[in-house]
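Heads up, the thing below is written out as structure tokens.
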Amino acid sequence: MKRNLILGALLSVALASCATTSEMPLAKNAVRLDTNASGLLFTSSAGAITMQKAAEATLRRGYTHFRIEQAQTATGSRFAGMNTYGSGTAQASVYGNSAYGSYSGSSFSTPVYAPTAQIGITVVMFHANEAGARGAFDAADVLAKKGKV
């Protein structure tokens, strides 16, 4: 029973896990990226996901390098569901043409919360020969190192 309770809680958290990134163009060479992640699997990788999206946006627009400005981060949790466990016993007795019964039961519920993370950045993009590219992230390198820590 305890194992089912734990598995149910883990399943609830896994189902409540996701990461989405929205992109808003600000200028020809700048975009705003906002990543919202929830669940154990995605909150720890929200920064890597945001960096990957910044590199992809840079290359998609024909630039090679990018800088991050106006970075904002936040963490928290949100309600993901309830994990409920119940048990009981029943007893019945028959006397002649009548049956008498009783039931005794109990249950408890535990709220399940999924961790959350929000990251917002402004990405300013440059061509390799521009002065702003010096010391900036190389978008191709960021994508090549994806998943390698």
(request) Among residues belonging to region 36-67 that are more than 18 Å from ALA136 (Cα to Cα) and part of a loop (DSSP other than H, G, I, E, B), point out the one that is modelled with the lowest pLDDT. (result) GLY39
(message) Which condition from (1) part of a helix (DSSP H, G or I); (2) at pLDDT 90 or above is the one that VAL13 breaks?
(response) (2)
(message) Between GLN70, GLN91, which is on the phi > 0 side of the Ramachandran plot, assigned to a strand (DSSP E or B) and either in contact with a Ser or Thr (Cβ under 6 Å, 6 or more places away or on another chain) or touching a residue at least 60 places away in the same chain (Cβ under 8 Å) (or both)?
(response) GLN70
(message) Can you say whether THR122 is surrounded by 12 or more Cβ atoms within 10 Å (Cβ to Cβ) and touching a residue at least 60 places away in the same chain (Cβ under 8 Å), as far as the supplied structure shows?
(response) yes
(request) Determine if region 103-111 includes at least one residue that is within 30 Å of LYS28 (Cα to Cα), at pLDDT 90 or above and either of a type in the set (A, V, I, L, M, F, W, C) or surrounded by 10 or more Cβ atoms within 10 Å (Cβ to Cβ) (or both). (result) no
(message) Against the condition modelled with pLDDT under 90 and closer than 16 Å to ALA19 by Cα, how does GLY81 come out, does it pass?
(response) no
(request) Go through region 34-54 residue by residue and tally those that are in contact with a strand residue (DSSP E or B) (Cβ under 7 Å, 6 or more places away or on another chain), closer than 22 Å to ARG134 by Cα and either free of Cβ contacts under 8 Å to residues at least 60 places away in the same chain or among the aliphatic types (A, V, I, L, M) (or both). (result) 2
(message) Just to be sure I understand, how many residues within region 66-96 are more than 21 Å from the chain's Cα centre (by Cα) and within 26 Å of ALA117 (Cβ to Cβ)?
(response) 5
(request) Looking for whichever is farther than 27 Å from ALA57 by Cβ and in contact with a Gly (Cβ under 6 Å, 6 or more places away or on another chain) here; the options are SER77, SER102, SER107. Which one fits? (result) SER107
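The values are calculated or read from the model by the stated rules, or taken from the named source; none is laboratory data. Quick caveat: nothing in here was measured; it's all calculated off a predicted structure. All Cβ positions, glycine included, derive from the backbone under ideal geometry; neighbour counts span all protein chains shown.
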